[in-house]
Amino acid sequence: MGYWDMIETAPYVFGGAEYIDKAIGWAYKYGMSVMIDLHGAPGSQNGNDHSGHSGEINWDTPENIAETVTVLGMMAERWANVPGVWGFELMNEPHWSLSHEVLTDFYRNAYVEIRKYSADTNIVMNSLYGPHDWTAGIFPEPQYRNVVLDIHLYTVWSGYTTEQQYYDEANRWATEIRSLVPYYPIIVGEMSLA
């Protein structure tokens, strides 16, 4: 979802939250759980079209970070205790150029905000651009609970042309995932060998 689904913001179409309500209800009816993913953050966290803005990355201003935390709180207030909601992904695919220190502070502030509404919902941080080891241990238990790492695995931009290259990459992914499992449960929210 985009932040504009919670805060009316031009030029985006407002009102998506009602459709998310419906999607959660349909999923629950059929025994599925939903992770609500903030795909578009204020200022764009990655400059890609799927963040709501193609071009410059302006998410990492104090104002945009604070608004993102506010939006996550609004999402948690609305959905954290709704049957079928498994958790919240704090922000989809933050760009590799964003400071890990800034992201860590944001993740921790967002964690605190969501915990105002639920002590148990899963809180998911996302890492697209590997290596992902910078995330190891930034949310130690028992201080932080139910934190999950979502990694997205793609080879579409790799230039691979042989079966062996794909096989080697899959093995590298497996090694990296095994190295992170002691810190967090891992989900692969997006993956493609395309």
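The calculated FRET efficiency for Lys116 paired with Ser192, based on their beta-carbon distance and R0 = 30 Å, is about 0.25. Per-residue ellipticity at 222 nm from helix content only, as computed over the chain with -39500 (n - 2.57) for each DSSP H run of at least four residues, stands at -11500 deg cm²/dmol. Here the label points at Ser97 and Glu169, each 7 Å from Cα along the C-beta direction, are separated by 2.4 nm in the simple model.
Within segment 100-194, the trypsin sites (Lys or Arg not before Pro) that combine a DSSP coil assignment with at most 16 other C-beta atoms in a 10 angstrom radius are Lys116, Arg145.
Taking every DSSP beta bridge with both residues inside segment 63-151, roughly what % is antiparallel (nearest 5)?
0
Using equal-weight Cα scatterers in the Debye expression, the normalised intensity of segment 116-167 in log10 at q = 0.30 Å⁻¹ is -1.20.
Only Cα sites of segment 1-79 enter the Debye sum here, all with the same form factor; the resulting log10 I(q)/I(0) across q = 0.25, 0.26 1/Å is -1.20, -1.26, listed in q order.
What chymotrypsin sites (Phe, Trp or Tyr not before Pro) in segment 1-105 are in a loop by DSSP, with at most 14 other Cβ atoms within 10 Å of the Cβ?
Phe14, Tyr30, Trp96
Around Val181, with a cut-off of 14 angstrom between Cβ atoms, what is the net charge of the other residues, counting Lys and Arg +1 and Asp and Glu -1? Residues close to Val181 contribute a combined charge of -3.
Largest GNM mean-square fluctuation among Gly73, Gly137, Gly40, using the chain with Cα springs under 10 Å: Gly137.
Ligands, DNA and RNA are left out, and with a 1.4 angstrom probe the accessible area of the chain is 52 Å² per residue.
Exposed loop positions in the chain were taken to be GluC sites (Glu not before Pro) whose DSSP state is not H, G, I, E or B and which have at most 14 other beta-carbon atoms within 10 angstrom. Between these positions, the longest stretch is 57-194. Nonpolar atom fraction for the chain, defined as the carbon and sulfur part of the 1.4 Å probe accessible area, stands at 54 percent. Considering only Ile114, Ile123, Ile177, the Gaussian network model of the chain with Cα springs below 10 Å gives its largest mean-square fluctuation to Ile177. Here the relative contact order of the chain, from alpha carbon pairs under 8 Å that lie six or more residues apart, stands at 17 percent.
The values are calculated or read from the model by the stated rules, or taken from the named source; none is laboratory data. Predicted model, so just to flag it, every value in this text is computed and none were measured. Backbone-built Cβ (ideal geometry, glycine too); neighbour counts: all protein chains shown. Note: accessible area is taken over every heavy atom of the protein model, side chains too, but ligands, DNA and RNA are not part of it. Shrake-Rupley method; radii C 1.70, N 1.55, O 1.52, S 1.80 Å.
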